[in-house]
Amino acid sequence: MQTIINMILSDIQNITIWSVVDILVVAFIFYKGYMLIKETRAEQLLKGILLILILIPVSYILKLDILYFILSKTITIGVIAVIIIFQPEIRRGLEHIGRSTFDDFHIIQNDEEIEKVIINICEAVENMAKTKTGALIAIEQGTGLGDIVSTGIKMDSLVSRELIENIFVKNTPLHDGATIIKNDRILASACVLPLTNNNNISKQLGTRHRAAIGLSEASDALIIIVSEETGAISLAIKGRLTRNFDGDKLKSILLKIIKSKNQRKSKSFGQKVKAWVKIIKREK
């Protein structure tokens, strides 16, 4: 017993500040990884994998040779299987890391420019809602939507209420699909969005709403939907759909989200610049 205590005390004495940092970083990575797969199908798959890992030593100890042989052979191809099974979660996790790391380098517009763009979008959406003109508009944020833009017809036009309304006139070449907006430009129209795989959403929602939710699951874009059947205005963010907005409420929400993001970017980038200046001065 004394030997074990001495070993523990010896290990504690050898712990450095970098050992603590190492432990905290690993714990943070595991925590973020769990949060990414929490309440998804991947969580159940992960539980199954953990069960297999537990059964392998148990089957070996209990001399269950056939079970041990099957499980051990399964593990040899487990890495490839995990990559295939968790592909959507891995992609979402890498995109999340990329957004949090490099968001500061996106163009930051001033409040007047932001407000002008949002007012044009919301006025167009409100007018289309009154006439029950179906519409699907995605406002790009940190995640680039270049792959989505490539599926549609490129426009590169200034955002205006009249142009947005004209795009979604029924039976015109551009009305069927999504319009992608970045900063003050309409990048493309008639774009194809990925449909959500969530089976828990209302069966009353059509393809337009499912496509909006699908893109919001794969990116941080703000997606506005106008229902062709009811004229209801909805907003999809981070896999969640909120319905029955009016023009004023939609404008308020969009301005609040975009301005708050830009404020965080400005503050974060400013702090990084100050840190870089300090490092340069110290090196000199």
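The values are calculated or read from the model by the stated rules, or taken from the named source; none is laboratory data. Values in this document were obtained by computation on a predicted structure and should not be read as measured data. Ideal geometry is used to build each Cβ from the backbone, glycine not excepted, and the neighbour counts take in all protein chains shown. Just the protein is used for accessible areas: all its heavy atoms, side chains included, with ligands, DNA and RNA removed. Shrake-Rupley method; radii C 1.70, N 1.55, O 1.52, S 1.80 Å.
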(request) Per residue of region 128-136, in order, report the coupling 6.51 cos²θ - 1.76 cosθ + 1.60 (Karplus, θ = phi - 60°) as ³J(HN,Hα) in whole Hz, putting x for Gly and Pro. (result) 5, 5, 5, 9, 6, 8, x, 8, 9
(request) Mind giving me the nanometre distance, one decimal, between the label points for residue 75 and residue 261, set 7 Å out from Cα along Cα→Cβ? (result) 4.3
(request) Just order 171-182, 53-64 by mean Cβ neighbour count inside 10 Å, highest at the front, would you? (result) 171-182, 53-64
(request) With label points built 7 Å along Cα→Cβ from the Cα atoms of residue 60 and residue 29, find their separation and express it in nm. (result) 2.4
(message) Using a 1.4 angstrom probe on the protein heavy atoms only, could you order 243, 185 from most to least accessible area?
(response) 243, 185
(message) So for each of 140-150, 155-165 I average, over its residues, the number of other beta carbons within 10 Å; can you give me the resulting order with the highest mean first?
(response) 140-150, 155-165
(request) Provide the convex hull volume over Cα atoms per residue for region 130-207, in Å³. (result) 117
(request) Name the residues whose placed amide hydrogens come within less than 5 Å of the amide hydrogen of residue 188, ignoring near sequence neighbours (fewer than 5 apart) on the same chain. (result) 155, 156, 180
